[in-house]
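The values are calculated or read from the model by the stated rules, or taken from the named source; none is laboratory data. Here the structure is a predicted model, which is why all the values come from computation and not from measurement. Cβ placement follows ideal geometry from the backbone for every residue including glycine, while neighbour counts extend to all protein chains displayed.
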Amino acid sequence: MHSLETVVATKVLARQGNTIRQIPRELGVSRNTVRRYLRDDMVVGSTARAAHTRAMIRQSTATASLGCGVRSTSGSTFGV
């Protein structure tokens, strides 16, 4: 399983209008992984984690719309 940052970045890129072919190229994951993450909110394991993922997506989308990179809770930045 990929990290929470990968799940969040996948969903942020999709919200920004990237296609299912563009997202795996950007993140280095398979198209099926991207499809699974976009289809299933519960992919990270539990209800609490899914809620946390949704909160991170909202926060990351706001950050990305300001022209910044997508920031994870660990401080790393995804180039989006």
So A9, is it under 12 Å from the mean Cα position of the chain (by Cα) and either modelled with pLDDT of 75 or more or in a helix (DSSP H, G or I) (or both) = yes
key: Yes/no for A64 being modelled with pLDDT under 80, part of a helix (DSSP H, G or I) and either surrounded by 11 or more Cβ atoms within 10 Å (Cβ to Cβ) or of a type in the set (A, V, I, L, M) (or both)   = yes
